[in-house]
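Participant: The structure that follows is given in the form of structure tokens.
The values are calculated or read from the model by the stated rules, or taken from the named source; none is laboratory data. Because the structure is a prediction, the values reported are computed rather than measured. Here Cβ is always computed from backbone atoms with ideal geometry, including for glycine, and neighbour counts include all displayed protein chains.
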Amino acid sequence: MADVLVCIKRVPDVAGEVLLTSDAQAVDARFVGFTVSAHENCAVELAVRIATATGGAATVLTLGPEAAVEQLRAALAVGCAAAVHIDADPVGYGPVDVVREIAAVVETHAAEGRTYDLILLGNDAADTGDFQVGVRLAYALGWPVVNGVRTVEVDGGVATARGDGPDGVETYAVPMPAVVTVLEGGVEPRYPSVVGRMKAKKIPVETVAPRHEPLGPGRVRLTLPPAQPSTVEVIGAGPDAAPAVVDLLQRLGVAR
Amino acid sequence: MILTLVETDAAGATEVSLEAVTFGRTLARRTGGPVHALVVGARPDGVADQLAGHGVGEVHHATGEAFSAYGGAVWAAAVQAAMAATGAEAVVAPGSPRGLEVMAHLAARLDVPMAANVVGLGTEDDGEALRVTRQVMGGAALEEMLLPLRPAVLTVAGHAVQAEQVPAVSVTLREFSPEVTEADLVTRVVSTEPAAPDLSGALTSAKVVVGAGRGAGGAEGFAGVAELAELLGGALGVSRVVTSMGWRPHHEQIGQTGSRISPDLYIACGISGAIQHWAGCASSKTILAVNTDEAAPMVTKATYAVIGDMHEVVPAINAEIRRRRG
Ligand SMILES: Cc1cc2nc3c(=O)[nH]c(=O)nc-3n(C[C@H](O)[C@H](O)[C@H](O)COP(=O)(O)OP(=O)(O)OC[C@H]3O[C@@H](n4cnc5c(N)ncnc54)[C@H](O)[C@@H]3O)c2cc1C
Ligand SMILES: Nc1ncnc2c1ncn2[C@@H]1O[C@H](COP(=O)(O)O)[C@@H](O)[C@H]1O
């Protein structure tokens, strides 16, 4: 039996252009929706699969504003059995701060007899892209950590994880409890069923207050890369553009 | 002193590692002192001379059984040992998966902040801290961040700077075998299934590259672009989404964590043009984008564009080329 904790982060769903808040500390998300990164969706899927395969339970956790309960509910709807909400504004939290709060929850739960065998996180958060919360969490707990893998399986106290390395697919095998950070692509996250959504609504979310004053992310401000004036020449639309394209290829000397 | 973590392959230091060395030299102009490099495990022939040609005065080489297989923790232990011997004020690593992982370990072990994917250095310093600019929001925004020099731990985004050669300096090679703990050894790679090697080397030298991204829709969605590449005597390239999904092999990836291309023509189909992809294709002479979205950055930054579904547009182009050839 493996009990899994999976950590997700509510982030603005920006496709392309972004706007900044007036204090330049965050993305202005008034006109965009919110989501969770593809890496973390795969981590949730892996957590649910491991819990199901071993007869354990998956618990989802986030540090975020009240509205982040929406992302917790989405994870409950696809099979997580419990949810923890650390109620704080992540804009003022650096990776070290986030780790202290997650570790405090893990330790509190352990004292209550709720231990985790495995903690899954995304490889990197979609907004701040710090690439470090998982590794730091492992050090805070004194557990081994495997980074950037696409699949994780659990068998008899060992977590076996696979991911791409520079020379091919690499396998890691670490004793649990362990931390593993996940890259998208290894599993297809499931869609919630109607029944799953109904069930999720009935599961209480455990809300906890942060334990420490945050040190902060060291952020001075966000800026946007300067907009480049577009000089594109649209040479057509759809398959009808083919002759114009081949004219161009011939002009460039790349097609006979 | 600035210490740079250098990754190697059979040919020597990787391009992104040389970029990190170049960034290290920029940093050294700020902090004073030399730039050293650290190579862990396998050391290809001639890498010390190659690094000397990029301004590295001393190469530290961590050897021993502990480094026979990769592991984030053992590599970080090697960095710590090299730092202890040299008193580095900053450690710079490439923004590759390993560079990012090892720096996260190092920062956790030293209990200092880490800045991922740095692209530049601010002009003003804030006392004991560097002001760095780094990519956030998947490259859609930049963050100015204060990074204390106690020491500063950072990675440089791939292809954000150009690796610069300098008149070779004389270089010292120092081998050492740092102690590592049992706990650090546990997280090493236990086995590797070698990927099919890219023997063609086609992508980086091709005059024409036909690229495809998420718009390909699946592993079976590459027939049209592959045929177009073939018709033009070019190579196929892809975005990271494509390699993450396992639709195509990693050696075909273009971008910050893939190859940098500079063909005469790059035909980018179903690729949005995220900054990390752009970093690998920006030096193409001409870019033709094929995309359903006329507002996609790939389209607005391209020289030419066709707005439409790649699964309709590309086969039509292929048919037209064949028709004209008769
Ligand atoms: C540290 C880091 C490193 C990275 N390194 C790289 C890298 O080396 N290389 C890289 O590519 N990315 C890299 N990325 C990822 C990058 O941020 C983007 O996520 C990725 O490039 C997007 O791939 P895409 O354009 O294929 O997919 P998307 O962004 O999803 O874009 C798909 C595009 O296809 C269009 N489209 C959809 N269907 C069709 C159709 N039928 N016909 C035509 N057009 C269609 C859409 O309009 C859209 O523009 C990196 C990210 C990070 C954080
Ligand atoms: N506020 C948060 N709440 C829960 N998990 C988080 C939070 N921030 C980061 N994480 C987790 O840590 C991973 C890496 O984040 P980062 O190191 O910030 O790039 C993310 O993919 C999440 O799984």
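Participant: Specify the residue that is surrounded by the fewest Cβ atoms within 10 Å (Cβ to Cβ); the eligible residues are those in segment B:192-204 that are away from chain A (no Cβ under 14 Å) and touching a strand residue (DSSP E or B) at 6+ places or on another chain (Cβ under 8 Å).
Facilitator: Per the criteria, the residue is B:Ser200.
Participant: Moving on. Tell me, which residue of segment B:294-318 that is more than 7 Å from every other protein chain (Cβ to nearest Cβ) and part of a helix (DSSP H, G or I) is nearest to B:Ile275 (Cα to Cα)?
Facilitator: Residue satisfying both the conditions and the ranking: B:Met298.
Participant: Specify which of the listed residues (A:Ala242, A:Ala227) is at pLDDT below 95 and either of a type in the set (A, V, I, L, M, F, W, C) or surrounded by 15 or more Cβ atoms within 10 Å (Cβ to Cβ) (or both).
Facilitator: Within the list A:Ala242, A:Ala227, the selection yields A:Ala227.
Participant: On the basis of being under 17 Å from B:Met137 (Cβ atoms), more than 14 Å from ligand 2 (Cβ to nearest atom), away from chain B (no Cβ under 14 Å) and of a type outside the set (Asp, Glu), does A:Arg49 make the cut?
Facilitator: No, not satisfied.
Participant: If you don't mind, there's one more thing I want to ask. Could you please find all residues in segment A:113-137 being under 10 Å from the mean Cα position of the chain (by Cα) and more than 7 Å from every other protein chain (Cβ to nearest Cβ)?
Facilitator: A:Leu120, A:Leu121, A:Gly122, A:Asn123, A:Asp124, A:Ala125
Participant: Here's another thing I want to ask about it. A:Thr128 fails exactly one of the following numbered conditions: (1) buried (at least 24 other Cβ atoms within 10 Å of the Cβ); (2) touching an Asp or Glu at 6+ places or on another chain (Cβ under 9 Å); (3) under 20 Å from A:Thr207 (Cα atoms); (4) of a type in the set (Ser, Thr, Tyr). What is the number of that condition?
Facilitator: (3)
Participant: Determine which member of the set A:Gly122, A:Gly64 is closer than 12 Å to A:Cys7 by Cα, at pLDDT 95 or above and within 16 Å of ligand 1 (Cβ to nearest atom).
Facilitator: Details: A:Gly64 fails: within 16 Å of ligand 1 (Cβ to nearest atom).
Among A:Gly122, A:Gly64, only A:Gly122 is closer than 12 Å to A:Cys7 by Cα, at pLDDT 95 or above and within 16 Å of ligand 1 (Cβ to nearest atom).
Participant: Let me ask another. Considering only strands (runs of 3 or more DSSP E) fully contained in segment B:101-191, which possess at least 1 residues that are at pLDDT 95 or above and crowded, with 21+ Cβ neighbours inside 10 Å?
Facilitator: It comes to B:115-121, B:129-136, B:141-148, B:152-156.
Participant: While we're looking at this one, here's another question. Need at least 3 residues that are within 19 Å of B:Asp309 (Cβ to Cβ) per element, so show me which strands (runs of 3 or more DSSP E) inside segment B:194-274 make the cut, counting only ones lying wholly within it.
Facilitator: On the way: elements: B:208-212, B:235-238, B:265-269.
Because the criterion is at least 3 residues that are within 19 Å of B:Asp309 (Cβ to Cβ), the strands (runs of 3 or more DSSP E) in segment B:194-274 that meet it are B:208-212, B:265-269.
Participant: Further question on the same structure: Answer yes if at least one residue in segment A:29-46 is more than 16 Å from ligand 1 (Cβ to nearest atom), farther than 23 Å from A:Val149 by Cβ and without any contact (Cβ under 8 Å) to a residue 12 or more places away in the chain, and no otherwise.
Facilitator: Within segment A:29-46, one or more residues are more than 16 Å from ligand 1 (Cβ to nearest atom), farther than 23 Å from A:Val149 by Cβ and without any contact (Cβ under 8 Å) to a residue 12 or more places away in the chain.
Participant: A further question follows. If a residue must be near ligand 1 (Cβ under 10 Å from one of its atoms), within 12 Å of chain A (Cβ to nearest Cβ) and touching a Lys or Arg at 6+ places or on another chain (Cβ under 7 Å), how many such residues does segment B:218-257 contain?
Facilitator: 4
Participant: Mind counting the residues in segment A:138-190 that are among the β-branched types (Val, Ile, Thr), facing chain B (nearest Cβ under 7 Å) and more than 20 Å from A:His39 (Cα to Cα)?
Facilitator: Total satisfying the criteria: 1.
Participant: Hey, another quick one. Does segment B:260-279 hold any residues that are touching a Ser or Thr at 6+ places or on another chain (Cβ under 6 Å), buried (at least 21 other Cβ atoms within 10 Å of the Cβ) and not aliphatic (A, V, I, L, M), and which are they?
Facilitator: Answer for segment B:260-279, where residues must be touching a Ser or Thr at 6+ places or on another chain (Cβ under 6 Å), buried (at least 21 other Cβ atoms within 10 Å of the Cβ) and not aliphatic (A, V, I, L, M): B:Pro263, B:Tyr266, B:His277.
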